[in-house]
Amino acid sequence: MTKLNEFAKDFEPASKTKNIADLKEVSTEIDLVDDEFEVTDKVTKQIKIVKQKVILVEGEKYRVPSSVIAQLKVILEDSPNCKKFKVKKSGTTMDDTRYQVIPIL
């Protein structure tokens, strides 16, 4: 039997998708994967499926927002040889979060 305080100290939450902005740098050659998960709507209490694009880095999923993909497209139009980039994230809520894609030369 385990005491609650001991269990809580060692507790690791279930695997959660991270964000591409958490990475120091990203290769433009990495595979983009379709992913989905279920979430309960806070208003309707109905279960809905959320679809997202992710990359896998060292066994961890990192979400790639569509705004990042759109910015990367513009960068690759002008610099088709760009091999790496990083993403800066600002904001804390779904409404005010913004991403800036920065090519690494």
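A short reminder: the numbers here are calculations on the coordinates, not readings from a lab. Since we're looking at a predicted model, the values are computed, not measured. Counting neighbours? That spans all protein chains shown, and the Cβs are built from the backbone with ideal geometry, glycine included.
Between the helical axis of 66-78 and the longest alpha-carbon principal axis of the chain there is an angle of about 20 degrees.
Among Val50, Val33, Val87, which one shows the biggest mean-square fluctuation in a GNM of the chain, springs joining Cα atoms closer than 10 Å? Answer for the Gaussian network model of the chain: Val50. Could you check how many percent of all C-alpha pairs in region 24-81 are farther apart than 14 Å? Value for region 24-81 (Cα pairs over 14 Å): 66 percent. Panel values: the chain, Kirkwood radius from alpha carbon pairs, Stokes-Einstein at 20 °C and 1.002 mPa s, translational diffusion coefficient 133 µm²/s. Qualifying GluC sites (Glu not before Pro) in region 1-103, where qualification requires a DSSP coil assignment and no more than 16 other C-beta atoms within 10 Å, comprise Glu25, Glu29, Glu58. Bridge orientation summary for the chain: considering DSSP beta bridges with both residues in this region, about 90 percent are antiparallel. When the chain is described by a simple charge dipole with +1 on each Lys and Arg Cβ and -1 on each Asp and Glu Cβ, the residue from Thr93, Val26, Ala70 located farthest towards its positive end is Thr93.
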